[in-house]
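Take a look at the structure below.
Each reported figure results from applying straightforward, stated rules to the coordinates on display, with no laboratory input. Since the structure is predicted, the reported quantities are computational estimates derived from the model, not experimental observations. Positions of Cβ are generated from backbone atoms using ideal geometry, with glycine treated the same way; all protein chains shown enter the neighbour counts.
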Amino acid sequence: MTRLKKGDTVTVLSGRDRGKRGKILTMFPDREAALVERINLVKHFERRTQANQPSGIVEREAPIALAKLALVCARCGKPARIGVRVSEETAPPPALGPKGRLAPKGPPSAGKARGGAKHRICKRCEEAIGG
Ligand SMILES: [Zn+2]
């Protein structure tokens, strides 16, 4: 499973575009590859058409292996080692029942199943990354 997704800013770890950065335009999870803005450009020869001017050689992104990409942390600006943090902030506070007592709790598992959105974090600076 990849921890990258569309819209992430990534840096290229190896190959021709090593060190360059770009934004993920499209993910191909089943191919373990992605299209990244201005990365892994290949030349296409295009016939001149009314919709496509000027004619000639155009450069397009080609899919690059996810293994060659690393997410860039917006805070420390470095390729991030990604961790996953499960937040407990989304769980609602315990509701007060009549007379200010805590309302009876449901089964212990109920709260865990509901709350706990997963966030990707930079292991270097602990900053949450992306959405
Ligand atoms: Zn960071």
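A few comments on the model shown:
- Residue order, fewest to most surrounding Cβ atoms within 10 angstrom, among Asp30, Asp8, Asp17: Asp30, Asp17, Asp8
- Take the Cβ atoms of Val58 and Leu96, set R0 to 41 Å, and the FRET efficiency comes out at 0.05.
- Whole-Hz couplings from phi, Karplus 6.51/-1.76/1.60, listed for region 60-67; x for Gly and Pro: 9, 6, 10, x, 10, 5, 4, 5
- Once backbone amide H atoms are built at 1.01 Å from N, Phe28 has Ala33, Ala34, Leu35 as its partners under 5 Å, excluding neighbours fewer than 5 places away on the same chain.
- Taking amide H as placed 1.01 Å from N in the peptide plane, Lys20 has its amide H under 5 Å from the amide H of Val12, each at least 5 places away in sequence or on another chain.
- Residue-wise HN-Hα couplings along region 32-49, as the Karplus relation 6.51 cos²θ - 1.76 cosθ + 1.60 with θ = phi - 60° gives them from phi, are 6, 9, 8, 8, 10, 3, 6, 10, 6, 6, 10, 8, 10, 9, 10, 6, 6, 10 Hz; Gly and Pro carry x.
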